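Worksheet: one structure, shown below.
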Amino acid sequence: MILSNTKVELVTRHNKAVYRDGNRLVKVFNERKPGSDVFNEALNDERVSEAGGRVPHVLEVSQVKDGEWEGSWALALEYIPGRALDDIMADDKQNVEKYVRQFVELQLQVQSADAPLLNRQKDKIRRMINSVKSVDPSVRYDLQMRLDGIKGGTKVCHGDFVPSNIIMPEDGSEPYVIDWAHVTAGIPEVDAAQTYLLFKIDYPEIADTYLSAYSKISDTAKQVIMNWVPVVAAAELARGRQQREKFLLAQVEAVFDYL
Ligand SMILES: Nc1ncnc2c1ncn2[C@@H]1O[C@H](COP(=O)(O)OP(=O)(O)OP(=O)(O)O)[C@@H](O)[C@H]1O
Ligand SMILES: [Mg+2]
């Protein structure tokens, strides 16, 4: 891939940089990111799109040819002009409940599609939990038993469904959902627990608003969602984000004080 000199940097994270380059959105990953992960994200984008999702299309996956990123894997997508929902919510705080309801409706719309060819939620979570040695083995066993006790499900579960991953197009058309690196085929309640956990971390003041809205609109008991919170919190620990570790361990262990 060739990046132009007129590219504009949108965000930089520990493992990547995201640019707008003309009508392309380019995610460039650092040298530690395996190419297979980048192809997996691109494959997810197209699978979700084929399942009927409104997703920016993949334009290219390749290694950068020169400049500071030479040799790094990069993913180019259609650039969608618009604003992320977290930005819009921050500017219009008095309507936050309305946005949370729209957000939940969009999540339910995503989850209504079947995509059995995606990676399996159950397998992915089991693998992640297994790798987290900071959680007591008896606790991990209990969490894995919860997973074993359910049928896997084939619904599209985004895995990182948060307001920053929703783009409201400037032409007023339907929202786009982005960032499909973590999507799986699975059970919607598990995905709702994941979103609740991420709200607790990034938007704690509206986490309960989200939970109530999801519960009401989807007609799912809050307890069913909360049952999965320690499971997704244990899996989240596998990502090794130091600053989240204490909080996630507390979410896992609160439920297991008896062990
Ligand atoms: N196709 C797109 N069109 C327009 N803007 C985009 C597009 N994809 C991403 N963006 C913008 O770039 C930001 C970062 O992109 P993205 O969410 O894919 O990566 P990320 O949040 O860094 O990934 P992760 O959550 O996996 O760490 C988004 O919040 C959004 O503002
Ligand atoms: Mg994102």
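How large is the convex hull of the C-alpha atoms of the chain per residue, in Å³? Walk me through the intermediate numbers first.
Details: hull volume 34.0 nm³, N = 259.
Normalising the Cα hull of the chain by residue number yields 131 Å³.
Using DSSP to call loops (not H, G, I, E or B), can you name the trypsin sites (Lys or Arg not before Pro) in the stretch 1-60 whose Cβ has at most 14 other Cβ atoms within 10 angstrom? Walk me through the numbers before you get to the answer.
Numbers: sites: Lys7, Arg13, Lys16, Arg20, Arg24, Lys27, Arg32, Arg47, Arg54; in loops: Lys7, Arg13, Arg32, Arg54.
Filter output for the stretch 1-60: Arg13, Arg32.
So what's the angle, to the nearest 10 degrees on a 0 to 90 scale, between helix 137-148 and the longest Cα principal axis of the chain?
80
Please determine, in degrees from 0 to 90 and to the nearest 10, the orientation of helix 188-202 with respect to the longest principal axis defined by the Cα atoms of the chain, where the helix direction is its Cα long axis.
Taking the Cα atoms of the chain, the angle to 188-202 is about 70 degrees.
Two decimals is fine: what is log10 I(q)/I(0) at q = 0.13, 0.22 Å⁻¹ for the stretch 72-136, from a Debye sum with one equal scatterer on every Cα and no solvent?
-0.76, -0.97
Can you tell me, using C-alpha contacts under 8 Å and at least 6 residues apart, the relative contact order of the stretch 134-259 as a whole percent? Please report the intermediate quantities before stating the final value.
On the way: 130 pairs, mean separation 30.1, N = 126.
Here the relative contact order equals 24 percent.
Measure of size requested: the Rg and Dmax of the stretch 156-217, with Cα atoms as the atom set and Å as the unit; please supply both.
When restricted to Cα atoms, the stretch 156-217 yields Rg and Dmax of 12.3, 33 Å.
List residues of the stretch 63-93, by number, whose backbone nitrogen lies under 11 Å from a label position 7 Å along Cα→C-beta of Arg20.
79-84
Relative to the first principal axis of the alpha-carbon coordinates of the chain, what is the inclination of helix 121-130, with its axis defined by its Cα atoms, in degrees from 0 to 90 and to the nearest 10?
Taking the Cα atoms of the chain, the angle to 121-130 is about 80 degrees.
Whole-Hz Karplus ³J(HN,Hα) for the stretch 207-216, in order, using 6.51 cos²θ - 1.76 cosθ + 1.60 and θ = phi - 60°, x for Gly and Pro?
4, 6, 4, 4, 4, 5, 5, 4, 4, 5
Mind listing the Cα extents of the stretch 19-155 along all three principal axes, in Å, largest one first?
So the three principal-axis extents are 50, 44, 31 Å.
Rounded to the nearest 20 debye, what is the charge dipole size of the chain about its Cα centre when +1 sits on each Lys and Arg Cβ and -1 on each Asp and Glu Cβ?
On the way: 32 positive and 39 negative charges, 143 e Å.
That gives the chain a dipole magnitude of about 680 debye.
As a check on your grasp of the helix formula, calculate [θ] at 222 nm for the chain: sum -39500 (n - 2.57) over DSSP H runs of n ≥ 4, divide by the residue count, round to the nearest 500. Don't skip to the end; give the middle numbers.
On the way: 10 runs with 111 residues, N = 259.
Helices in the chain give a 222 nm mean residue ellipticity of -13000 deg cm²/dmol.
What's the exposure ranking of Ser49, Ser112, Ser215, going from fewest to most Cβ atoms within 10 Å? Walk me through the numbers before you get to the answer.
Values: Ser49 15, Ser112 11, Ser215 19.
In increasing order of surrounding Cβ atoms, one gets Ser112, Ser49, Ser215.
Note down the relative contact order for the chain as a percent, whole number, built from C-alpha pairs under 8 angstrom at least six residues apart.
In percent, rounded to a whole number, it is 17.
Beyond 15 Å, what percent of the Cα pairs of the stretch 76-178 remain? Let's see the in-between values first.
On the way: 3746 of 5253 pairs.
Percentage above 15 Å: 71.
Put a dot 7 Å past each Cα toward the Cβ at Ile150 and Glu31; how far apart are the dots in nm?
4.1
Return the tail of the calculated pair distribution for the stretch 8-78, meaning the percent of Cα-Cα pairs more than 16 Å apart. Intermediate results must be reported in sequence, preceding the final value.
Working: 1168 of 2485 pairs.
Pairs farther apart than 16 Å: 47 percent.
Sorted from fewest to most neighbouring beta carbons within 10 Å, what does the list Ser134, Ser212 look like? Display every interim value, and only then the final one.
Numbers: Ser134 11, Ser212 14.
Taking fewest neighbouring Cβ atoms as first place, the list is Ser134, Ser212.
Using Cβ contacts closer than 10 Å as the measure, can you line up His57, His14, His182, His158 from fewest to most? Provide the component values of the computation, followed by the final result.
Numbers: His57 11, His14 7, His182 19, His158 25.
Ranked by crowding around the Cβ, least crowded first: His14, His57, His182, His158.
Read-outs: derived from the displayed coordinates by stated rules, not from any lab. The shown structure was predicted, so the numbers you read here are calculated from the model rather than taken from an experiment. Cβ atoms come from the backbone with ideal geometry, glycine included; neighbour counts cover every protein chain shown.
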